[in-house]
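Note sheet for the following structure.
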Amino acid sequence: MTIDTVHSSNSDHGEPAPIGLDAGDVLLKANKLQAELEQFAEHLADVYKGYFQEFPQHMHVSFYHDVLSEVEVLTKDIGSEDPLAAHRISSSNFPYLQAVWDTAKNSKNIVKLRHPVFSGPFKRRILAPGIRVKDIMSQGGSEPKRNQNGRSARIDVICDGGLTWYKVSTITNRRLLFDLAKEAVYCGESDDSESDNCAAHDFSDIPLAKLARTLKTIAEGHQIRNISPTLGLVLPRIFEGEHAEIDDIIKFCRDMGVKVVCGNAMTPPLPLSKDLLHEMVPSPSRSITAELNIDTSVLVALTSDISHFQVTKQPWFGQSQKDHIDLEANDPLIPKLCSLLSHHVLVCTREAARSLARIVHTMGTAGENTRAHLLLTPDDSLTHEQRIDKLRALSIHGDSIPSHLQLPIQVVDFETKSNENGCRENLDTPYHEALEVLAQPGRSVFYSGWIKGLTTVTCNVLAVKQLEKRLEEFPTLGPSGWPSIWAFSSSRPLVGVPKGSNEERTRKHIGDCALACICGLEDFYAS
């Protein structure tokens, strides 16, 4: 079943736009719509620059192509001698496209425009596109696959982080009255007492009611943050209060649980501006916390020679190292990391610090050991400015390392604090079990950030995907209360040294080991 075009355009209803429609005016408005969509595209590219998935930048592409196609047809037909040109102009799909855009401009936190979703049948609820783990947008599992024989529906606007779906229909009062009469439901203006029972009639076979029911079923077959999206049906050319029969069918749709927005209840969209664009699609970094929980993958990336120098590939490098050297050449990570981390309090768990210590002491170069020391080891002999200067001297991206980057990163003894303050009880056991899908030290790192309400910064995209899928299995977790995570698109491993190398190791403690080793170095070299 394909319902992409049900109630989408004037021609869908066999109801052309009014005769004498000013074609030039339509083209002017269509060109304005195209220009606004191009502004929207520039905004997406700006706010999602460096985001770990590219698809949010392209959320508008399908809709934009529809608008371009309409502009091309209008441009070609205006002034054409083709006798059908006037008909094509009068039956333009532009009113529908404008209504979709007006709906988008009145929406917040948009995820997709004109997006296809699987229409069933559903063996179980599937993941809808949207934001699950806070600040992380997920494609979900809802997009139909090629072998599903057109079993899809297009949702015009997916917003509120994925929690709300809107379908736009440009059906008119006149067309809806015609549908009612065709189904022998329209009671007319008879004085017969039976006409009072119009509202009690079954409107199930009316096309608008069928559309509402179908979309409602599709929405219920999806889930986002453990609930189904709320479905909205936008009817900009339907006006309540003019016909009792139309009001009855609108009520019938609402009684299904569908939010129906009619033309006389729509807020006129504001002119497109920077403020409005940030309402429509806010920056994904807008709500990260003032204190950031740094995981091991970020510590390694901040330490790695690959992140800080143009490393020459060596014969003994593994494929992963070679791939990351190529990634770094095209998309340096340090500027993006420092841009996010600056002006924030930075903490990491004891487990994350110990993990970095073991990795660096096992295979790190002298430069990588030195950077790890600068990142995590308190040293009264170094001022903050000296620490920053030393780190800059060890990087070709020194200009991207801000003077207000907080160093050293505070190492938090989470295990001790949780026992003293009873923090573990703040997170229910089932949710704690959800984290079991992650390996250590990632499990304790994400747990620590979630329990303290901090944004965890990671380069481990796989862990994020594992976690968001696992959390969807806990229906009591609801749409709020999910952990806050910021993920970078890729990691950077250490360059390291060849296996069997006799290079002298620099064994510096990482962390405050003044009284006793707590970073794991002495345990590692105990033998």
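Can you find a residue that is under 27 Å from the mean Cα position of the chain (by Cα), outside any loop (DSSP other than H, G, I, E, B), surrounded by fewer than 20 Cβ atoms within 10 Å (Cβ to Cβ) and modelled with pLDDT under 90 anywhere in the range 359-368?
In the first step, residues of the range 359-368 are kept if they are under 27 Å from the mean Cα position of the chain (by Cα); the result is none.
No: the range 359-368 contains no residue that is under 27 Å from the mean Cα position of the chain (by Cα), outside any loop (DSSP other than H, G, I, E, B), surrounded by fewer than 20 Cβ atoms within 10 Å (Cβ to Cβ) and modelled with pLDDT under 90.
As an exercise: evaluate residue 345 against (1) hydrophobic (A, V, I, L, M, F, W, C); (2) surrounded by 18 or more Cβ atoms within 10 Å (Cβ to Cβ); (3) under 28 Å from residue 451 (Cβ atoms) and give the number of the one condition it does not meet.
Just one mismatch for residue 345, condition (2).
Starting from residues that are within 22 Å of residue 204 (Cα to Cα) and out of contact with any Leu (no Cβ under 8 Å at 6 or more places or on another chain), keep the ones in the range 251-272 and report whichever is surrounded by the fewest Cβ atoms within 10 Å (Cβ to Cβ). Step through it out loud before you land on a result.
Step one: of the range 251-272, the residues within 22 Å of residue 204 (Cα to Cα) are 251-262.
Applying the additional criterion that residues be out of contact with any Leu (no Cβ under 8 Å at 6 or more places or on another chain) yields 251-252, 254-256.
Values: 251: 13, 252: 21, 254: 13, 255: 10, 256: 15.
If we take residues in the range 251-272 being within 22 Å of residue 204 (Cα to Cα) and out of contact with any Leu (no Cβ under 8 Å at 6 or more places or on another chain), then 255 is surrounded by the fewest Cβ atoms within 10 Å (Cβ to Cβ).
Somewhere in the range 86-100, is a residue assigned by TED's automatic domain parsing to the domain that holds residue 170, assigned to a loop (DSSP other than H, G, I, E, B) and at positive phi? So that I can check it myself, show each step before the final result.
First, pick out the residues of the range 86-100 that are assigned by TED's automatic domain parsing to the domain that holds residue 170: 86-100.
Then drop every residue that is not assigned to a loop (DSSP other than H, G, I, E, B), which leaves 91-93.
Subset that is at positive phi: none.
Taking every residue of the range 86-100 in turn, none turns out to be assigned by TED's automatic domain parsing to the domain that holds residue 170, assigned to a loop (DSSP other than H, G, I, E, B) and at positive phi.
Contact list please: Cβ distance under 8 Å, first residue in the range 100-126 and over 28 Å from residue 33 (Cα atoms), second residue outside any strand (DSSP E or B) and of a type in the set (Ser, Thr, Tyr), pairs at least six apart or on different chains.
118/142; 119/214; 120/217; 125/228; 126/142
Within the range 54-61, identify whether any single residue is farther than 25 Å from residue 229 by Cα, out of contact with any strand residue (DSSP E or B) (no Cβ under 7 Å at 6 or more places or on another chain) and of a type in the set (Val, Ile, Thr), and answer yes or no.
If we filter the range 54-61 for residues that are farther than 25 Å from residue 229 by Cα, which is where we start, we get none.
Among the residues of the range 54-61, not one is farther than 25 Å from residue 229 by Cα, out of contact with any strand residue (DSSP E or B) (no Cβ under 7 Å at 6 or more places or on another chain) and of a type in the set (Val, Ile, Thr), which makes the answer no.
Kindly indicate whether residue 251 is farther than 30 Å from residue 48 by Cβ, at pLDDT 90 or above and under 27 Å from the mean Cα position of the chain (by Cα).
For residue 251, the condition - farther than 30 Å from residue 48 by Cβ, at pLDDT 90 or above and under 27 Å from the mean Cα position of the chain (by Cα) - is not met.
Can you tell me which residue within the range 40-69, out of those that are under 19 Å from residue 335 (Cα atoms) and acidic (Asp, Glu), is surrounded by the most Cβ atoms within 10 Å (Cβ to Cβ)?
Keep residues of the range 40-69 that are under 19 Å from residue 335 (Cα atoms), which gives 45-54.
Next, only the ones that are acidic (Asp, Glu) stay: 46, 54.
Numbers: 46: 12, 54: 9.
Result: 46.
Check 79, 140, 120, 161 and return the single one that is assigned to a helix (DSSP H, G or I) and outside the structural domain of residue 486 (by TED's automatic domain parsing). Spell out how you get there, then give the answer.
On the way: 79 fails: assigned to a helix (DSSP H, G or I); 140 fails: assigned to a helix (DSSP H, G or I); 120 fails: assigned to a helix (DSSP H, G or I).
Only one candidate passes the filter, namely 161.
Give me the pairs, please: first residue somewhere in the range 22-35 and closer than 10 Å to residue 68 by Cα, second residue anywhere and surrounded by 13 or more Cβ atoms within 10 Å (Cβ to Cβ) and modelled with pLDDT under 85, beta-carbon distance under 6 Å, and either six or more positions apart or on two chains.
The qualifying pairs are 30/74.
Quick check: anything in the range 106-117 at pLDDT 80 or above, outside any strand (DSSP E or B), crowded, with 23+ Cβ neighbours inside 10 Å and on the phi < 0 side of the Ramachandran plot?
Taking the range 106-117 and keeping what is at pLDDT 80 or above, we get 106-117.
Next, only the ones that are outside any strand (DSSP E or B) stay: 106-111.
With crowded, with 23+ Cβ neighbours inside 10 Å added as a condition, the list becomes 110-111.
From what is left, the residues that are on the phi < 0 side of the Ramachandran plot are 110-111.
The answer is yes, given that some residue of the range 106-117 is at pLDDT 80 or above, outside any strand (DSSP E or B), crowded, with 23+ Cβ neighbours inside 10 Å and on the phi < 0 side of the Ramachandran plot.
Being under 15 Å from residue 442 (Cβ atoms) and out of contact with any Ser or Thr (no Cβ under 7 Å at 6 or more places or on another chain) is the filter here, so list the residues in the range 346-386 that pass it.
Result: 348, 350, 353, 354, 358, 359.
Are there any pairs with C-beta distances below 6 angstrom linking a residue in the range 218-243 that is closer than 22 Å to residue 262 by Cα to a residue that is among the aromatic types (Phe, Trp, Tyr), with the two at least 6 apart or on different chains, and if so which?
219/165; 229/165; 231/165; 232/166; 234/166
Residues of the range 283-333 being surrounded by 16 or more Cβ atoms within 10 Å (Cβ to Cβ), outside any loop (DSSP other than H, G, I, E, B) and either without any contact (Cβ under 8 Å) to a residue 40 or more places away in the chain or of a type in the set (D, E, K, R) (or both), which ones?
Matches in the range 283-333: 291, 305, 325, 328.
Could you identify the single residue in 257, 241, 232, 221 that is at pLDDT 90 or above and on the phi > 0 side of the Ramachandran plot? Spell out the reasoning first.
Working: 241 fails: at pLDDT 90 or above; 232 fails: on the phi > 0 side of the Ramachandran plot; 221 fails: on the phi > 0 side of the Ramachandran plot.
After applying the criteria, what remains is 257.
The values are calculated or read from the model by the stated rules, or taken from the named source; none is laboratory data. Note that this is a predicted model, so its numbers are computed, not measured. Here the Cβ is made from the backbone with ideal geometry for all residues, glycine too, and neighbour counts use every protein chain on show.
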